[in-house]
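A short write-up of the structure that comes next.
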Amino acid sequence: MTDQQTSPALGALVDLGLPGIGGLDGVPLAETPQSAKDFTSDQEVRWCPGCGDYAVLAAVRSFLPTLGIKRENTVFVSGIGCSSRFPYYLNTYGMHSIHGRAPTIATGLAITRPDLSVWVVTGDGDALSIGGNHLIHALRRNVNLKILLFNNRIYGLTKGQYSPTSEQGKVTKSTPMGSIDHPFNPVSMALGAEATFVGRAIDSDRKNLTAVLGAAAAHRGTALVEILQDCPIFNDGSFDVLRKDGKENRIVPLTHGEPIRFGPAGEDGLGSHAVVADGLALKVVDAASVDPERIVVHDAGSHELAFALSRLSDQDLTHTVTGIFRDTSRATYDDAARAQVDQAKAGGAPDLQSLLNGRDTWTVAG
Amino acid sequence: MTTGDIDVGNPSHPGVGPAPLARDRVVIRFAGDSGDGMQLTGDRFTSETATFGNDLSTLPNFPAEIRAPAGTLPGVSSFQLHFANYDIVTPGDRPDVLVAMNPAALKANIGDLPPGGILIVNTDEFSKRNLTKIGYEADPLEDGSLETYQVHPVAMATLTRGALEETGLSKKDAERAKNMFALGLLSWMYHRPSEGTERFLREKFAKRPDLAEANILAFRAGHAYGETTESFAVTYEVAPAKLQPGTYRQITGNTALAYGIVAAGQTTGLPVFLGSYPITPASDILHELSKHKAFGVTTFQAEDEISGIGAALGASFGGSLGVTTTSGPGIALKSETIGLAVTLELPLLIVDVQRGGPSTGLPTKTEQADLLQAMFGRNGEAPLPIIAPRSPGDCFDAAVEAARIAVTYRTPVILLSDGALANGSEPWKVPDASALESVDPNFATEPNAPDGSDEFWPYLRDADTLARPWAVPGTAGLEHRIGGLEKADGRGSISYEPDNHDRMVRLRAEKIGGIRVPDAEVDDPSGDADVLVVGWGSTYGPIVAAARRVRGMGHRVATLHLRNLNPFPANLGELLRSYRTVLVPEMNLGQLVMLLRARYLVDAQSYTKVSGLPFKAEELQDVFLGYLDGSHPSSGERGSAPQGVDA
């Protein structure tokens, strides 16, 4: 997170002291301040009433101008699914591609155009089912892409089949006796694929969503942000427990460098629940009942801690960790690919005729 | 004789011996086990022959397995080379000389050697065990079954080992150089220059100078063996060919194709981005292009075929020349993305080096397998241009031309090469790089709305080409969204309107149909032939060779070779209708003939074969003769090809 001047919105974020360059370095800055309106296209938004996508769209439209980069240097690439209509509603460059393949298209674009901020919008079916292979390889390569994974745990556009994140036993159109598929844990999967940045936010929590998006934008490399959201038509209320009374006992927000405390304020003004080590795993305890030294301090630089946090509870939402699980620096594929081309070019402009001739030619006289 | 008799001299000095016999053309086939280095041996002989100035054509033929079980028939690998003192177009039907490194290689290839042919056999491998392994009950070298050939039994492994005694190499390592012994022997027989091979070996084994020297010693030993033993009474000379004036080099189709892609980056002024996944027989294009980053070429080895083309398409969206290279099974996987590229109307070069199908099929063998897949293998009406090179060197021109069409018309283009072109080689008249035609990508920079507003319409077409504007991200004021959903004509926003879809489907077809391609040319020396033979792709060589043969017998036949498979040349229908008989030989079950019959309503005849190997000129000659007298191919006047017309 260097070069804060490219991104006024990022100044408030925690500086992990990471080396290297920022995610937006190389992207030209806008000459005049921009607003959410500038990023709004003339297309009528066609999601169902109550869809979580509206909240995310509004958050992204307000967030993008704060990055301070030129609108024309921003590109959104999506796959197929309800969320993948997202690019049509932003007045940036965009491509609504085919099912599961957005990371591949974004990869080619990001490798060849370091002056662009490239975003992928995808859903649980698009990213984790048909596009699973591309997602894991994008993450391991660490191409400078920001992937927004809208997870509503259902197929919406095809009208209500279970998805790879649907809970086991879920009754859907294609599983009248209940789903027998074991679901993915997207954060665990991303960390297992060597992701250098993994975050999670709930669509309605605009503050946390914006903060995670900001950190993702500043991250040089692939950033995966899982956004939990409802499909009001086919999976209504699926995350209600994270929105209603008592949610504070379930949501575990992370702040780098801070002890992991959540829930109603205890006597010390901090959350009354705490996360502590339990063998090789983590567990939630009553904060007042443990030695404060035992409470885990979040370290976004720790791969192991990030993974343990992703396993804090089953995916039944008993405990849902939000914020930035992991944010570490590793050389990106696209920077390295360009560096090799630059290195090869450093020897001077090559001669096409020499290449064509090769080393063994002979001449036939006229 | 023993190894001690061999004088390991310097073969670049001509030795004493009988005066060489002159030959117009020779076909040599090296055959051995997959691990015997036959491809390398053939490649080196080719290089020596190219340097000498003969015209040549080659046919490598090897199994898909890297090392099939040693000594077995499936493990046999061969390399055939045809060279001549005149222009030739095929690797030759039958070898004049067969080099068999083991019993399996003999058994698999002897059927192709005509009576009287020269057979050079490595006797060291003819043990009872090796013979039994492949079903020889008696040793063919002793049972008289080879008596119609000029047999030269040579203990190549023993001789090589003997020549390398001083080097201190292990027995096994020393014997591995026996292919270079064979090369040395053949180089002596045909008076090939050897400096290039010695230089090549020093470079190939730069990190193991001991192996370099060992191979050179083995090469020289083979040469000296020919010179000093009386086993070989004669040597042969094939004078250089009289080719068109110019600078020549030897080139394979895959290398020429890679160079064409590099050149296309230069002619269009665009950075080249290759997204590819390894697949036989296309991988060498990825290997070659990965060496040419200095030309602004970026290569990306993707996680799968789909990602390879996806990344290429993403790069095209960003203003690069996106390229993906694959074979038939890869095209199947890429189909959905090709369809997306069709509707996005972005430039994209898709190279299909065809191989035997269906499914995994014959990975290392050739077939004109994918014309219909290229033409129709997508959902919906998704037309795109198709180009097929006719020879290894032509792969260069085809790549440059495919890129020109892609950029000019904003469309994916499929280039259909095949396994025979990819690995085969020929002398290539090196083009003048400065004479290559440049292509202006003509990026959009300004709003283009017809009402003069500041809007950008991404699907407002050029009146002449029907191409849409190519506005790349980073261009202020032209921000736009494109996708797989149907787009409103002009404005480009999503449209489900019935009439609009009908119009857009037709516009896309009209754009591709209107691509200007050169008129087809008929080769009809007599000017009054009744039979027109139509080919495409790598059948050019055998068709031309067979036509020369039948013309040499006094018959009249016309040929036409199609380079543009979509759209077809504008004059094609008229040409087809002007002949009594149209014959289409193909290495599939009749894909082009189906298109021609459907499109032009001509009663075109089909001759097909799908053996994984190119047509033989003799085979096509017989087919042509059958049609020339109007009867069935199995009847009709026959004759033998006079000397000198074999191509």
Report task. Can you tell me which residue within region B:82-99, out of those that are closer than 11 Å to B:Arg25 by Cβ and not polar (S, T, N, Q), is farthest from the chain's Cα centre (by Cα)? Result -> B:Asp96
Report task. Pick out, from region B:303-401, the helices (runs of 4 or more DSSP H) lying fully within it that include 2 or more residues that are closer than 30 Å to B:Asp432 by Cα, within 14 Å of chain A (Cβ to nearest Cβ) and in contact (Cβ under 8 Å) with a residue 12 or more places away in the chain. Result -> B:305-317
Query raised in the report: Looking at A:Ala281, is it out of contact with any strand residue (DSSP E or B) (no Cβ under 8 Å at 6 or more places or on another chain), more than 30 Å from A:Ser174 (Cβ to Cβ) and modelled with pLDDT of 95 or more?
Result: yes
Query raised in the report: Among the residues of region B:93-109, is there at least one that is in a loop (DSSP other than H, G, I, E, B), closer than 15 Å to B:Met189 by Cα and of a type in the set (Val, Ile, Thr)?
Result: no
Requested in this report: Kindly list the number of the only condition in (1) over 24 Å from B:Asp370 (Cβ atoms); (2) in contact with a strand residue (DSSP E or B) (Cβ under 8 Å, 6 or more places away or on another chain); (3) crowded, with 19+ Cβ neighbours inside 10 Å; (4) more than 14 Å from chain A (Cβ to nearest Cβ) that fails for B:Asp489.
Outcome: (3)
Query - Given (1) at pLDDT 90 or above; (2) more than 14 Å from chain B (Cβ to nearest Cβ); (3) assigned to a helix (DSSP H, G or I), index of the condition A:Glu72 fails - result: (2)
Query raised in the report: What about B:Ser290, is it of a type outside the set (A, V, I, L, M), over 21 Å from A:His99 (Cα atoms) and surrounded by fewer than 24 Cβ atoms within 10 Å (Cβ to Cβ)?
Result: yes
Report summary line: Per the filter on region A:97-137, residues touching a Phe, Trp or Tyr at 6+ places or on another chain (Cβ under 9 Å), farther than 16 Å from B:Ser316 by Cβ and facing chain B (nearest Cβ under 8 Å) are none
Report task. Report whether or not A:Ala336 is of a type outside the set (Ser, Thr, Tyr), touching a residue at least 60 places away in the same chain (Cβ under 8 Å) and within 23 Å of A:Asn142 (Cα to Cα). Result -> no
Query raised in the report: Could you say which residue among A:Phe325, A:Phe307 is out of contact with any strand residue (DSSP E or B) (no Cβ under 7 Å at 6 or more places or on another chain), closer than 27 Å to A:Phe239 by Cα and of a type in the set (Phe, Trp, Tyr)?
Result: A:Phe307
**Report entry** Matching residues, region B:458-513, being part of a loop (DSSP other than H, G, I, E, B) and either hydroxyl-bearing (Ser, Thr, Tyr) or not assigned by the TED database to the domain that holds B:Asn448 (or both)
**Finding:** B:Thr465, B:Thr475, B:Ser493, B:Ser495, B:Tyr496
Requested in this report: Output the number of the condition that B:Ser434 fails; it satisfies all remaining conditions of (1) assigned to a loop (DSSP other than H, G, I, E, B); (2) hydroxyl-bearing (Ser, Thr, Tyr); (3) without any contact (Cβ under 8 Å) to a residue 60 or more places away in the chain.
Outcome: (1)
Requested in this report: State all residues of region A:313-363 that are part of a strand (DSSP E or B) and within 11 Å of chain B (Cβ to nearest Cβ); if no residue qualifies, say none.
Outcome: A:Thr361, A:Trp362, A:Thr363
Report task. Sort out which residues of region B:234-249 are among the polar types (S, T, N, Q) and at the interface with chain A (Cβ under 8 Å from one of its Cβ atoms), and write them in order of number. Result -> B:Gln244, B:Thr247
Query raised in the report: What residue, of B:Thr252, B:Thr280, is out of contact with any Leu (no Cβ under 6 Å at 6 or more places or on another chain), polar (S, T, N, Q), away from chain A (no Cβ under 14 Å) and in contact (Cβ under 8 Å) with a residue 12 or more places away in the chain?
Result: B:Thr280
Query raised in the report: Which of the residues spanning region B:556-570 are closer than 19 Å to B:Asp528 by Cβ and surrounded by fewer than 21 Cβ atoms within 10 Å (Cβ to Cβ)?
Result: B:Arg556
Requested in this report: Please work out if B:Phe126 is within 23 Å of B:Gly35 (Cα to Cα), surrounded by fewer than 22 Cβ atoms within 10 Å (Cβ to Cβ) and either in contact with a Phe, Trp or Tyr (Cβ under 6 Å, 6 or more places away or on another chain) or among the aromatic types (Phe, Trp, Tyr) (or both).
Outcome: yes
Query raised in the report: Picking from B:Leu119, B:Leu186, which residue would you name as being part of a strand (DSSP E or B), buried (at least 18 other Cβ atoms within 10 Å of the Cβ) and out of contact with any Ser or Thr (no Cβ under 7 Å at 6 or more places or on another chain)?
Result: B:Leu119
Report task. Test B:Leu507 against the criterion of being among the hydrophobic types (A, V, I, L, M, F, W, C), on the phi > 0 side of the Ramachandran plot and without any contact (Cβ under 8 Å) to a residue 60 or more places away in the chain, and give yes or no. Result -> no
Report task. Just one of (1) within 13 Å of chain A (Cβ to nearest Cβ); (2) outside any loop (DSSP other than H, G, I, E, B); (3) under 30 Å from B:Pro392 (Cβ atoms); (4) at pLDDT 95 or above trips up B:Ser417, so point out which. Result -> (1)
Report task. Please enumerate the residues belonging to region B:392-402 that are more than 17 Å from A:Leu352 (Cα to Cα) and in contact with a helix residue (DSSP H, G or I) (Cβ under 6 Å, 6 or more places away or on another chain). Result -> B:Pro392
Query - Where A:Tyr88 falls short, out of the listed (1) buried (at least 24 other Cβ atoms within 10 Å of the Cβ); (2) within 18 Å of A:Phe63 (Cα to Cα); (3) at the interface with chain B (Cβ under 9 Å from one of its Cβ atoms); (4) among the hydroxyl-bearing types (Ser, Thr, Tyr) - result: (1)
Query raised in the report: Do you know which residues across region B:66-89 are surrounded by fewer than 19 Cβ atoms within 10 Å (Cβ to Cβ) and in contact with a Pro (Cβ under 7 Å, 6 or more places away or on another chain)?
Result: B:Pro74
Requested in this report: Would you be able to say whether some residue in region B:319-329 is surrounded by fewer than 24 Cβ atoms within 10 Å (Cβ to Cβ) and under 21 Å from B:Ile66 (Cβ atoms)?
Outcome: yes
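One line per residue, one yes/no per condition, for (1) closer than 19 Å to B:Glu166 by Cα; (2) modelled with pLDDT under 95:
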residue	(1), (2)
B:Lys178	yes, no
B:Leu183	no, no
B:Leu211	yes, yes
B:Thr235	no, yes
B:Pro240	no, yes
B:Pro245	no, yes
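Per-residue answers, yes or no, for (1) modelled with pLDDT under 90; (2) polar (S, T, N, Q):
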residue	(1), (2)
B:Asn10	yes, yes
B:His13	yes, no
B:Asp24	no, no
B:Asp36	no, no
B:Thr41	no, yes
B:Phe45	no, no
B:Gly53	yes, no
B:Ser57	no, yes
Query raised in the report: If B:Lys242 passes every condition in (1) touching a strand residue (DSSP E or B) at 6+ places or on another chain (Cβ under 7 Å); (2) charged (D, E, K, R); (3) outside the structural domain of B:Asn85 (by the TED database) but one, which one does it miss?
Result: (1)
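The values are calculated or read from the model by the stated rules, or taken from the named source; none is laboratory data. In this text the structure is predicted, and so the values were computed from the model without any measurement. Glycine gets a Cβ as well: all are built from the backbone with ideal geometry, and neighbour counts include every protein chain shown.
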